[in-house]
1. With respect to the numbered conditions (1) modelled with pLDDT of 90 or more; (2) over 11 Å from the mean Cα position of the chain (by Cα); (3) closer than 15 Å to residue 38 by Cβ; (4) not in a helix (DSSP H, G or I), which one is the sole condition not fulfilled by residue 99?
2. So the check is Cβ under 6 Å with 6+ separation or different chains; which pairs have a first residue in the range 28-40 that's part of a loop (DSSP other than H, G, I, E, B) and a second one that's modelled with pLDDT of 80 or more and loosely packed, with under 13 Cβ neighbours inside 10 Å?
3. Restricting the range 61-87 to residues that are touching a strand residue (DSSP E or B) at 6+ places or on another chain (Cβ under 9 Å) and in a loop (DSSP other than H, G, I, E, B), which is nearest to residue 120 (Cα to Cα)?
4. Limited to the range 102-154, what total is found for residues that are in contact with a helix residue (DSSP H, G or I) (Cβ under 8 Å, 6 or more places away or on another chain) and either closer than 23 Å to residue 86 by Cα or at pLDDT below 65 (or both)?
5. If I ask for residues that are outside any helix (DSSP H, G or I) and out of contact with any strand residue (DSSP E or B) (no Cβ under 6 Å at 6 or more places or on another chain), which ones from the range 45-60 would you list?
6. From the residues in the range 33-60 that are over 17 Å from residue 84 (Cα atoms) and over 16 Å from the mean Cα position of the chain (by Cα), which one is surrounded by the fewest Cβ atoms within 10 Å (Cβ to Cβ)?
């Protein structure tokens, strides 16, 4: 079964060859916290190595409202360090990554590309599916639209 993951944007300063992700083993981790919070998700390094790590915050429920663009969840130093150290292939989030801190640049400068603005992560199983992000436009720009979807395999 294929599940479309709604509006999405891909960001990476990595070379074009690494800008396409198809059929990656994936998992969803839920982060719970106040409206404006640093994402915190528990995982073991070996669990996410070479996988797509999708982070569900519930922010996507604000999609198509002005509230979607208000300050919300963000990726903090500790989580970014852990994702880079563990070898995550791509990160997907259900919120816009608007802050361009030095830490966020670490994740997008070839270490780990990020697919932002995903929707519908709550409808996915936590594990047992594959994730793909296919470009919809010119990939020479480091920020572009993709078709993101999950294929349930189990």
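1. Evaluating residue 99 over (1) modelled with pLDDT of 90 or more; (2) over 11 Å from the mean Cα position of the chain (by Cα); (3) closer than 15 Å to residue 38 by Cβ; (4) not in a helix (DSSP H, G or I) leaves (1) as the failure.
2. 36/71
3. Applying the filter and picking the extreme gives 73.
4. Residues that pass the stated criteria total 14.
5. 49, 50, 57, 58
6. Checked the range 33-60; the qualifying residue surrounded by the fewest Cβ atoms within 10 Å (Cβ to Cβ) is 34.
The values are calculated or read from the model by the stated rules, or taken from the named source; none is laboratory data. Nothing here was measured: the structure is a model prediction, and the numbers come from that model. Please note: Cβ atoms are built from the backbone with ideal geometry, for glycine as well, and neighbour counts cover all protein chains shown.
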